[in-house]
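No value in this document is a laboratory result; all are computed from the given coordinates. Just so you know, these numbers come straight off a predicted model, no measurement behind them. Neighbour counts run over all protein chains shown; Cβ positions are idealised from the backbone, glycine included.
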């Protein structure tokens with residue numbers, strides 16, 4: 001049984017993949033201000049999920065929204081880096097692509113903000129009305 005699992009999952013390859021992903025995450029944390037702001041907002045949201053009386057579904061939605069925003073921001077950063085590498089001088093097509101990528105992040109962030117308001121606001125107002 002153990003040999004079957006090791007054939008399916010090569011732990012060394014998995015560890016290497018995780019290490020590479022963590023390097024990318026560290027790069028984003030060091031170099032990307034927008035990502036750091038979004039991480040801070042996500043941490044605040046996580047603390048609120050721990051403090052407020054939320055259902056499992058509400059918590060799951062908040063965590064999924066956080067992951068969605070951060071994931072979209074990383075994809076946006078990746079697109080920008082590739083485009084800057086391929087076309088170092090300003091070009092209108094590159095600008096359009098970057099704008100579209102940033103718009104995707106904005107839509108995800110606004111959707112997550114609305115979700116947060118729907119879930120958190122009634123709970124916070126309930127605390128202040130007690």
* **Two-site FRET efficiency, residue 14 against residue 67, from Cβ-Cβ distance with R₀ of 22 Å, rounded to 0.05** => 0.65
* With an 8 Å cut-off on Cα pairs and a minimum separation of 6 or more residues, tell me the relative contact order of the chain in percent. => 27
* Go ahead and run the numbers for FRET between residue 37 and residue 57, Cβ-Cβ distance against an R0 of 35 Å, rounding to 0.05. => 0.85
* Round to the nearest 0.05 the FRET efficiency obtained for residue 96 and residue 118 when R0 = 41 Å and r is the Cβ-Cβ distance. => 0.80
* Mind ordering 112-120, 8-16, 92-100 by average Cβ neighbours within 10 Å, highest first? -> 112-120, 92-100, 8-16
